1. Does residue 115 qualify as being within 15 Å of residue 196 (Cβ to Cβ) and among the hydroxyl-bearing types (Ser, Thr, Tyr)?
2. What pairs can you find where one residue is in the stretch 123-141 and under 18 Å from residue 92 (Cβ atoms), the other is modelled with pLDDT of 95 or more and open to solvent by less than 30 Å² (accessible area, probe 1.4 Å), and their Cβ atoms are less than 7 Å apart, with a gap of 6+ or different chains?
3. Find all pairs meeting these conditions: Cβ atoms under 8 angstrom apart; at least six residues apart or on different chains; first residue within the stretch 67-87 and within 11 Å of residue 114 (Cβ to Cβ); second residue in a loop (DSSP other than H, G, I, E, B) and of a type in the set (S, T, N, Q).
4. Yes or no: the stretch 142-151 includes at least one residue that is hydroxyl-bearing (Ser, Thr, Tyr) and within 27 Å of the chain's Cα centre (by Cα).
5. Residues that are open to solvent by 50 Å² or more (accessible area, probe 1.4 Å) and hydroxyl-bearing (Ser, Thr, Tyr): list the helices (runs of 4 or more DSSP H) wholly contained in the stretch 113-222 that include at least 2 such residues.
Amino acid sequence: MSNFKIYSTGIVAIALSLATGCTPTTPHDDNISEVPPAQSVQTTESPSPSASPTTSPTTSPTTSGQNSLSSSDRQFINEAAQGGLAEVQLGQLASQRGASDAVKQYGQRMVQDHTLVNNQLKQLATQKGVTLPTTIGTKNQQVKQRLSKLSGAKFDRQYLNHMLQDHEKDVSAFQTEAEQGQDPDVKAFAGQTLPILQEHLQQVRSLVNPGNSTSTPTPTSTPTTTP
């Protein structure tokens with residue numbers, strides 16, 4: 001009987017030691033299993049900031065590419081804008097102060113035609129990122145002031161002489177741009193506007209010299225005969 005008690009107490013001791021030996025192993029495994037998910041969250045979040053800088057530089061070159069106009073094309077646009085504004089203002093002056101109906105009608109045509117051309121040039125300038133001048137410039141302002149002091153036949157002669165010289169210059173500038181311009185859109189604008197300017201030049205030549213289109217100096221000699 002004593003042997004049975006010793007044997008049973010031995011079994012109980014083994015069972016307790018097994019029970020106490022199992023318990024520390026299980027929490028140790030739980031700690032190991034909880035570590036990796038924290039690392040996996042960090043790896044998934046890291047690539048997101050690197051994606052944002054790659055998208056930003058690709059958008060900037062497209063906007064700057066619109067401003068790449070040559071200096072000659074840019075100069076042509078600015079001079080055409082100033083000249084177009086001057087044609088409109090001087091045309092308004094001619095329709096008010098002109099003595100003959102022909103001069104008044106020519107002035108009205110300058111206002112209509114050059115207003116349309118100026119609007120087309122504005123659209124082209126915004127496409128190319130060019131800021132157009134809003135004034136007619138010092139030379140054109142001097143011409144306007146001089147013509148504003150004249151009236152009647154004197155005004156007609158001075159205005160037509162200026163229109164003749166101005167449109168000869170304009171036709172030459174637009175023809176050069178239409179042939180030698182570097183930007184295709186600016187070249188196209190010059191080529192489309194050129195026939196209008198050529199019509200203006202032919203019309204003013206016929207007004208200055210009704211019988212003779214070759215002799216240009218006639219109107220400049222007439223002011224000396226009139227007091």
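1. Against the criterion (within 15 Å of residue 196 (Cβ to Cβ) and among the hydroxyl-bearing types (Ser, Thr, Tyr)), residue 115 qualifies.
2. So the pair list comes out as 136/86; 140/86.
3. 85/134; 85/135
4. Filtering the stretch 142-151 for residues hydroxyl-bearing (Ser, Thr, Tyr) gives 148, 151.
Checking the rest, the ones that are also within 27 Å of the chain's Cα centre (by Cα) come to none.
Looking through the stretch 142-151, none of the residues is hydroxyl-bearing (Ser, Thr, Tyr) and within 27 Å of the chain's Cα centre (by Cα).
5. Per the criteria, 152-180.
Let's see how each residue does on (1) under 19 Å from residue 194 (Cα atoms); (2) not aliphatic (A, V, I, L, M):
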site	(1), (2)
68	no, yes
75	yes, yes
81	yes, no
87	yes, yes
90	no, no
99	no, no
105	no, yes
110	yes, no
131	no, yes
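The values are calculated or read from the model by the stated rules, or taken from the named source; none is laboratory data. As the structure is a prediction and not an experimental result, all values here were calculated from the model. Neighbour counts run over all protein chains shown; Cβ positions are idealised from the backbone, glycine included. The accessibility values were calculated without ligands, DNA or RNA, using every heavy atom of the protein model including side chains. Shrake-Rupley method; radii C 1.70, N 1.55, O 1.52, S 1.80 Å.
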